[in-house]
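Asks: Sharing a structure, written as structure tokens. Questions coming.
The values are calculated or read from the model by the stated rules, or taken from the named source; none is laboratory data. Just so it is clear, the structure is predicted and the values come from calculations on it, not from any experiment. Cβ sites come from the backbone with ideal geometry, for glycine too, and all protein chains shown count toward neighbours.
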There are 2 protein chains.
Amino acid sequence: MKRVAILGSTGSIGQQSLDVIRAMPDAVQVVALAGGRNLNLLEQQIREFRPLLFSSSVQTDEHEGSEFASMEVIAGHPDVDFVIVATSGKAGLGPTLAALRAGKTVAIASKEVLVMAGEIILREAERHQARILPIDSEHSAIWQCLQGEQNEPRRIILTASGGPFYRYSPPQLDQITPEQALRHPVWKMGSKVTIDSATLMNKGLEVIEAHWLFSLPFASIQILIHPQSIVHSMVEFADGSLKAQLGPPDMRLPIQYALSYPNRWLNPCFPRLDWSEVRDLNFEPVDCGRFPCLNSAIEAGKAGGTYPAVLCAADEVAVDLFLSHGIGFCDIGRVVQEALQQHHSISQPSIEQILGADEWARECALNSSLVRTTEREQPRDSWRGS
Amino acid sequence: MKRVAILGSTGSIGQQSLDVIRAMPDAVQVVALAGGRNLNLLEQQIREFRPLLFSSSVQTDEHEGSEFASMEVIAGHPDVDFVIVATSGKAGLGPTLAALRAGKTVAIASKEVLVMAGEIILREAERHQARILPIDSEHSAIWQCLQGEQNEPRRIILTASGGPFYRYSPPQLDQITPEQALRHPVWKMGSKVTIDSATLMNKGLEVIEAHWLFSLPFASIQILIHPQSIVHSMVEFADGSLKAQLGPPDMRLPIQYALSYPNRWLNPCFPRLDWSEVRDLNFEPVDCGRFPCLNSAIEAGKAGGTYPAVLCAADEVAVDLFLSHGIGFCDIGRVVQEALQQHHSISQPSIEQILGADEWARECALNSSLVRTTEREQPRDSWRGS
């Protein structure tokens with residue numbers, strides 16, 4: 001019986017984690033739930049799963065048998081074995097460190113945790129002999145492909161659907177509305193991740209995450225556009241052999257794999273790949289030049305220090321601004337790039353320095369994007385020819 | 001240092017095994033070579049590798065430092081650790097049993113060994129704690145995908161290029177010449193395997209082989225047509241996750257994997273998959289009805305007893321007859337089917353009974369095919385419309 005805490009239980013990954021657990025009542029017990037702003041849903045989850053502990057960013061009712069606690073306390077609680085970190089933004093950073101320091105197994109769905117503080121996270125995991133497991137479909141795919149292999153992979157290949165706008169021209173990209181961008185063709189995800197998928201920032205964050213999770217240099221991490229999202233990622237070994245992990249695009253599968261590892265559970269609710277429908281799998285090398293967010297992310301990852309924290313924070317602000325019609329789709333990349341250019345990075349930063357860089361970048365992005373908004377109201381006909 | 005015997009060193013797999021070993025002089029030592037009718041090549045190999053032992057089906061020169069021995073003696077010799085069985089037809093049966101009884105690791109490229117006598121082979125391997133490793137690209141792919149997995153696969157999916165004639169109509173199939181059939185679009189193989197690929201008999205034999213190698217019922221073994229031969233096979237697990245093994249179509253890779261297992265060796269001679277060239281991977285469920293050899297093989301495998309031995313022997317005779325223009329391409333399947341229909345199978349046969357069925361089937365196929373040859377000289381215009 002795995003005793004699980006879900007941090008971010010009301011988000012997309014949190015809800016899908018509870019879906020998995022609902023189907024596996026004999027294998028997993030929900031010991032703690034931590035939700036965000038969707039209080040109604042959190043209350044409902046508490047009533048259904050009756051966790052020992054719960055946490056919320058807003059005031060909640062009292063629940064008989066469930067005690068309120070901070071996410072850090074939950075993450076390190078002796079009755080918790082396994083912590084799913086599915087919070088948004090930097091919120092997962094502190095609880096992840098608390099969980100690792102208490103020797104818990106941490107399944108990470110929140111990209112920012114490793115992107116912002118990969119070095120510290122890995123050091124603490126090693127020091128306390130705590131395991132970090134991936135939940136992202138790409139990283140889960142790589143992890144699955146690495147099972148039983150004795151040698152380091154030669155390279156890993158992250159697949160990317162390319163998002164809904166991969167074939168758009170620059171003028172077309174500039175016209176994208178939040179409503180269009182929120183309609184992802186394949187994956188069911190939260191709005192921040194959906195926009196990050198459309199800008200390919202999401203893939204850039206995954207590259208940095210993979211760098212830490214699998215201890216690989218950036219040169220050994222490649223991206224292939226694969227519109228069908230059936231091959232979730234691949235690993236190439238020294239001998240030229242590759243392994244790929246495939247499956248229907250359903251986040252519940254990597255969530256369950258993290259819970260069931262090293263075993264696999266038969267889950268009657270899961271879809272199966274139907275090969276009479278999946279006839280063509282297409283691949284093409286990614287065109288980094290067309291998606292500046294991807295480039296910025298990889299450069300920030302290579303530069304290290306507090307750059308990745310700035311990347312995350314500036315992107316979060318820029319995506320929020322885009323969603324509230326404050327800036328255009330292409331401005332997201334520009335806002336991020338400006339913040340990175342203006343930043344003075346600190347190498348081997350402490351958590352406090354990382355959080356300081358995050359604060360600075362939010363401020364910087366807000367200012368930068370305000371300027372962009374004004375600019376955007378002027379005609380841009382000179383662009384059309386590009 | 002692995003001390004290796006190669007049985008069938010002058011065949012396609014044998015030569016490619018020596019290619020691999022040439023690149024890995026510090027890891028593998030050739031202790032014994034056994035060749036077939038290509039005496040010139042065998043003599044050349046003996047001069048190059050100076051094996052302790054050699055074997056040949058024809059009279060050879062004496063070689064200083066190399067002693068003549070039968071394949072059975074080689075397979076069980078104390079200086080041999082690892083036996084590659086790459087003989088053709090039933091020739092590998094006796095030596096494989098000798099190797100297993102001496103506790104050697106046996107890498108099997110010869111399909112007939114497991115198809116004809118899978119039950120006996122597995123029993124002897126278990127009794128003497130000897131390992132059987134696959135060399136076929138499909139079975140190697142499945143084996144690679146199973147590494148590190150704790151649970152039984154839900155099913156395995158053997159990919160099949162479909163051969164050069166997969167889209168041919170029945171009248172077109174009937175007109176295929178040996179010269180056309182020997183030009184396989186992807187794989188470099190011996191002539192028997194090339195024809196078996198075109199009739200899909202090869203895939204049928206692989207299904208039976210997979211049944212034994214991975215202890216799976218026939219219902220859990222599926223076939224997908226995949227013309228590019230990049231995905232060499234796949235495994236589906238209980239949770240719906242699939243793993244695939246991919247690579248350039250080059251037999252040296254699975255040969256080396258068997259030798260390097262559980263490690264992988266960097267081999268500078270090996271090609272690498274270039275994703276700027278591999279853009280589309282296509283899959284479709286196999287249409288068994290159009291390729292009677294595939295059906296016959298699966299039925300023979302399910303029926304068991306001496307049926308699989310009859311399948312192999314009748315097919316070998318039929319392919320020979322086709323290559324010498326004695327029968328037409330479509331007659332191969334008919335000859336095999338006739339032999340199976342006329343056969344009285346023995347259940348749980350001994351090796352002697354299996355070899356008896358082999359003899360009987362050869363006779364039967366030769367007679368049957370003679371009739372077919374006469375028939376074939378008559379005009380067949382009535383077929384055109386089908």
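Asks: Give me a count of the residues in the stretch B:128-166 that are under 15 Å from the mean Cα position of the chain (by Cα) and facing chain A (nearest Cβ under 10 Å).
Replies: Summing the residues that are under 15 Å from the mean Cα position of the chain (by Cα) and facing chain A (nearest Cβ under 10 Å) in the stretch B:128-166 gives 2.
Asks: Kindly state which strands (runs of 3 or more DSSP E) lie completely within the stretch A:45-124 and contain at least 2 residues that are closer than 13 Å to A:VAL30 by Cβ and touching a residue at least 12 places away in the same chain (Cβ under 8 Å). Please lay out each step first, then the result.
Replies: Details: elements: A:53-56, A:82-85, A:105-108.
Counting at least 2 such residues, we get A:53-56, A:82-85.
Asks: Being under 24 Å from B:GLY148 (Cβ atoms) and touching a Lys or Arg at 6+ places or on another chain (Cβ under 6 Å), is that true of even one residue in the stretch A:157-166?
Replies: Within the stretch A:157-166, the subset under 24 Å from B:GLY148 (Cβ atoms) is A:157-159.
If we keep only those that are touching a Lys or Arg at 6+ places or on another chain (Cβ under 6 Å) too, we end up with none.
No; the residues of the stretch A:157-166 include none that is under 24 Å from B:GLY148 (Cβ atoms) and touching a Lys or Arg at 6+ places or on another chain (Cβ under 6 Å).
Asks: Can you tell me which of A:PHE218, A:PHE237 is touching a residue at least 24 places away in the same chain (Cβ under 8 Å) and surrounded by fewer than 17 Cβ atoms within 10 Å (Cβ to Cβ)?
Replies: Numbers: A:PHE237 fails: surrounded by fewer than 17 Cβ atoms within 10 Å (Cβ to Cβ).
Answer to the check: A:PHE218.
Asks: Specify the residue that is surrounded by the most Cβ atoms within 10 Å (Cβ to Cβ); the eligible residues are those in the stretch A:139-186 that are in contact with a Cys (Cβ under 9 Å, 6 or more places away or on another chain) and farther than 20 Å from B:TRP143 by Cα.
Replies: A:ILE156
Asks: Sort out which residues of the stretch B:125-145 are in a helix (DSSP H, G or I) and in contact with an Asp or Glu (Cβ under 8 Å, 6 or more places away or on another chain), and write them in order of number.
Replies: B:GLU138, B:HIS139
Asks: Taking B:ARG264 as meeting all but one of (1) touching a Pro at 6+ places or on another chain (Cβ under 9 Å); (2) farther than 30 Å from B:GLN175 by Cβ; (3) at the interface with chain A (Cβ under 10 Å from one of its Cβ atoms), write down the number of the exception.
Replies: Unmet for B:ARG264, out of (1) touching a Pro at 6+ places or on another chain (Cβ under 9 Å); (2) farther than 30 Å from B:GLN175 by Cβ; (3) at the interface with chain A (Cβ under 10 Å from one of its Cβ atoms): (1).
Asks: Can you say whether B:LYS302 is touching a residue at least 40 places away in the same chain (Cβ under 8 Å), away from chain A (no Cβ under 14 Å) and of a type in the set (D, E, K, R), as far as the supplied structure shows?
Replies: Working: touching a residue at least 40 places away in the same chain (Cβ under 8 Å): yes; away from chain A (no Cβ under 14 Å): yes; of a type in the set (D, E, K, R): yes.
The answer is yes for B:LYS302.
Asks: Does at least one position in the stretch A:115-127 carry a residue that is of a type outside the set (Val, Ile, Thr) and touching a Gly at 6+ places or on another chain (Cβ under 6 Å)? Spell out the reasoning first.
Replies: As a first pass, look at the stretch A:115-127 and keep what is of a type outside the set (Val, Ile, Thr): A:116-119, A:122-127.
Then drop every residue that is not touching a Gly at 6+ places or on another chain (Cβ under 6 Å), which leaves none.
There is no residue in the stretch A:115-127 that is of a type outside the set (Val, Ile, Thr) and touching a Gly at 6+ places or on another chain (Cβ under 6 Å).
Asks: Just checking: which of the helices (runs of 4 or more DSSP H) contained wholly in the stretch B:279-386 hold 3 or more residues that are closer than 30 Å to A:LEU273 by Cβ and at pLDDT 95 or above? Full working, then the answer.
Replies: On the way: elements: B:292-303, B:307-323, B:329-342, B:351-376.
In the stretch B:279-386, B:292-303 are the helices (runs of 4 or more DSSP H) which contain 3 or more residues that are closer than 30 Å to A:LEU273 by Cβ and at pLDDT 95 or above.
Asks: Another question about this same structure. Among the listed residues A:GLU316, A:GLU284, A:GLU277, which satisfies the condition of being buried (at least 17 other Cβ atoms within 10 Å of the Cβ) and either out of contact with any Lys or Arg (no Cβ under 6 Å at 6 or more places or on another chain) or within 14 Å of chain B (Cβ to nearest Cβ) (or both)? Give the steps one after another, and end with the answer.
Replies: Numbers: A:GLU284 fails: buried (at least 17 other Cβ atoms within 10 Å of the Cβ); A:GLU277 fails: buried (at least 17 other Cβ atoms within 10 Å of the Cβ).
On inspection, the qualifying residue turns out to be A:GLU316.
Asks: While we're here: Checking the conditions here, which among B:LEU100, B:LEU122 is surrounded by 24 or more Cβ atoms within 10 Å (Cβ to Cβ) and either modelled with pLDDT under 95 or more than 14 Å from chain A (Cβ to nearest Cβ) (or both)? Even if it seems obvious, please write down each step before you answer.
Replies: Numbers: B:LEU122 fails: surrounded by 24 or more Cβ atoms within 10 Å (Cβ to Cβ).
After applying the criteria, what remains is B:LEU100.
Asks: With the requirement that a residue be polar (S, T, N, Q) and modelled with pLDDT of 95 or more, what does the stretch A:236-274 give you?
Replies: From the stretch A:236-274, those polar (S, T, N, Q) are A:241, A:245, A:256, A:260, A:263, A:267; that's our starting set.
Answer for the stretch A:236-274, where residues must be polar (S, T, N, Q) and modelled with pLDDT of 95 or more: A:SER241, A:GLN245, A:GLN256, A:SER260, A:ASN263.
Asks: If you go through the stretch B:242-251 one residue at a time, do you hit one that is touching an Asp or Glu at 6+ places or on another chain (Cβ under 8 Å), under 21 Å from B:ILE108 (Cα atoms), of a type outside the set (Gly, Ala, Ser) and buried (at least 20 other Cβ atoms within 10 Å of the Cβ)?
Replies: Looking for residues that are touching an Asp or Glu at 6+ places or on another chain (Cβ under 8 Å), under 21 Å from B:ILE108 (Cα atoms), of a type outside the set (Gly, Ala, Ser) and buried (at least 20 other Cβ atoms within 10 Å of the Cβ), one finds none in the stretch B:242-251, hence no.
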